[in-house]
1. Quick check on my filter: what residues within segment 217-247 are under 20 Å from Ser176 (Cβ atoms) and touching a Leu at 6+ places or on another chain (Cβ under 6 Å)?
2. For segment 195-206, what are the residues that are within 20 Å of Pro404 (Cβ to Cβ) and open to solvent by less than 10 Å² (accessible area, probe 1.4 Å)?
3. Restricting attention to segment 325-340, does a residue exist that is hydrophobic (A, V, I, L, M, F, W, C), more than 27 Å from the chain's Cα centre (by Cα) and open to solvent by less than 50 Å² (accessible area, probe 1.4 Å)?
4. All but one of (1) part of a loop (DSSP other than H, G, I, E, B); (2) within 29 Å of Leu127 (Cα to Cα); (3) open to solvent by 20 Å² or more (accessible area, probe 1.4 Å) hold for Thr88; which doesn't?
5. If you check Ser273 against the conditions, is it touching a strand residue (DSSP E or B) at 6+ places or on another chain (Cβ under 8 Å) and of a type in the set (S, T, N, Q)?
6. Being among the charged types (D, E, K, R) and over 17 Å from Cys90 (Cα atoms) is the filter here, so list the residues in segment 316-344 that pass it.
7. Is it the case that segment 358-365 has a residue that's over 21 Å from the mean Cα position of the chain (by Cα), exposed (fewer than 13 other Cβ atoms within 10 Å of the Cβ) and among the acidic types (Asp, Glu)?
8. List the number of the failed condition for Ser171; all other conditions in (1) part of a loop (DSSP other than H, G, I, E, B); (2) crowded, with 24+ Cβ neighbours inside 10 Å; (3) not charged (D, E, K, R) hold.
Amino acid sequence: MRPASITEAAALFRARKLSPVELARDCLARIARLDPELHAFVAVTEERALQDARAAEARLMRGEARGPLDGIPFAHKDIVGTAGVATTACSRLLQDNVPQEDSIAAGRLREAGTVLLGKLTTHEFALGGPSFDLPWPPARNPWDTARFTGGSSSGSGAALAAGLVLGATGSDTMGSIRSPAHFCGITGLKPTYGLVGRSGVFPLAQSLDHVGPMARSAEDCALLLEAMAGPDPNDPASSGRDAGDVRGALRGGVKGLRIGVMRHFHETENRASPATLANLEAALGVFRDLGAEVEDVTLSPLAEWHAVAATIMIAEAHAIHAPWLRKRFADYGGLFRERVVLGAAIGSEHYLAAQRRRHALCAEMAAAFRRHDLVVTMAQPGEAPLIEAAPRWGVFELGSLASPFNVTGSPAVALGTGFGAGSMPTGMQIAGPAFADALVLRAAHAYQQATEWHRRWPAMAEG
């Protein structure tokens with residue numbers, strides 16, 4: 001019996017109907033069969049996976065399971081540091097980089113008993129992609145391998161959608177968890193800024209960077225968040241808080257919640273495709289049927305949020321990479337070079353102006369959350385494009401629907417709402433005030449309990 005989720009696998013383990021070793025072998029076999037076409041993995045750690053699975057099985061048989069993640073097949077985005085396993089950021093500059101220690105997120109998930117299957121493809125340094133001039137090819141979408149996965153957590157989205165793993169890490173600076181979740185029909189949470197520690201994860205823009213869970217469902221993301229969150233003494237932005245009983249909070253439903261819809265973002269300023277719009281309206285109908293109050297909310301134009309996020313991101317990314325850019329410019333992929341060098345043109349006055357405007361926008365979002373418990377828009381305005389047609393400048397070409405919640409640091413989850421053109425997934429994004437991660441996942445879970453989109457599999461993954 002093959003489980004479709006972390007929750008199902010944990011239940012099968014407890015009932016002795018499936019062993020962690022059996023599940024690990026099944027995932028490894030699927031990787032061997034499907035990944036030559038998907039390119040979701042940079043490296044597969046088969047020996048380590050079987051070792052982890054045997055240890056988890058022994059704990060299970062002794063009645064000493066560490067919790068619901070013990071024995072779960074897992075993989076990390078390849079900017080997340082893993083002790084003894086190369087962490088390359090999909091760049092020539094780090095091809096030989098083997099950390100001596102786990103990042104704090106990887107270490108906590110290892111302690112929770114996850115089975116490490118390998119490292120997952122990312123856009124170079126979580127920015128430049130999809131790129132075709134790197135040592136590794138870009139990941140492809142399991143719903144149609146001619147199409148884009150979104151990024152930068154591209155391998156995580158592809159591996160989850162194809163059932164190669166049951167959980168994965170992602171990072172999100174301007175939508176890099178939520179965009180692959182939307183395009184690949186999975187669930188991805190950008191937690192509250194500082195809730196999940198980032199030490200040992202290669203940074204892109206430290207005032208916008210988040211590390212978070214990606215999985216098949218909101219319930220699975222809740223389990224992962226509980227394990228990942230907590231104080232990080234080596235991350236200056238750490239909130240020093242843990243996540244609490246996120247899974248227990250899922251049972252609350254949405255009855256009585258006030259949900260604001262930022263229609264002007266996705267209907268006018270970055271207009272979504274017809275199917276994405278229609279599927280969002282159907283999703284809002286589900287929330288109404290479940291007892292939520294749904295009404296429109298208007299904020300500053302999306303272009304302002306996007307300009308603030310893009311200015312800060314590129315300035316901070318350039319500051320990180322400037323020493324390497326001076327010495328090893330040609331070793332970067334073309335797309336990364338083109339994007340990151342823009343940061344050299346952003347002077348301190350522009351960076352500080354963006355940070356001042358950011359402060360005002362955060363106050364505006366906080367006021368919206370005093371009127372509404374949650375807000376809804378999309379992470380992407382449409383279905384996944386053909387991979388060769390993915391915009392060369394990525395989110396810089398249109399206002400990013402994901403970026404407002406990096407500006408504010410608010411928790412935001414992306415999940416599927418159905419299918420559109422080319423039978424490709426569509427999605428929505430639910431966000432809440434700081435540290436309302438459990439509430440955001442509660443709303444996503446209520447929607448998923450009332451629908452079946454998160455249970456659908458691409459044809460290549462069936463069987």
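1. Across segment 217-247, the qualifying residues are Ala218, Cys221, Ala229.
2. Selection gives Leu195, Val196, Leu204, Ala205.
3. yes
4. Tallying (1) part of a loop (DSSP other than H, G, I, E, B); (2) within 29 Å of Leu127 (Cα to Cα); (3) open to solvent by 20 Å² or more (accessible area, probe 1.4 Å), Thr88 fails exactly one: (3).
5. So Ser273 fits the description; yes.
6. Those that are among the charged types (D, E, K, R) and over 17 Å from Cys90 (Cα atoms): Glu316, Arg326, Lys327.
7. No, because not a single residue in segment 358-365 is over 21 Å from the mean Cα position of the chain (by Cα), exposed (fewer than 13 other Cβ atoms within 10 Å of the Cβ) and among the acidic types (Asp, Glu).
8. (1) is the only condition that Ser171 fails.
The values are calculated or read from the model by the stated rules, or taken from the named source; none is laboratory data. From a predicted model like this one, the values you see are computed outputs, not experimental measurements. Methodologically, a virtual Cβ is constructed for each residue, glycine included, from the backbone with ideal geometry; neighbour enumeration extends over all protein chains shown. Each accessible area value is taken on the protein alone, full model and side chains, heavy atoms only, with ligands, DNA and RNA left out. Shrake-Rupley method; radii C 1.70, N 1.55, O 1.52, S 1.80 Å.
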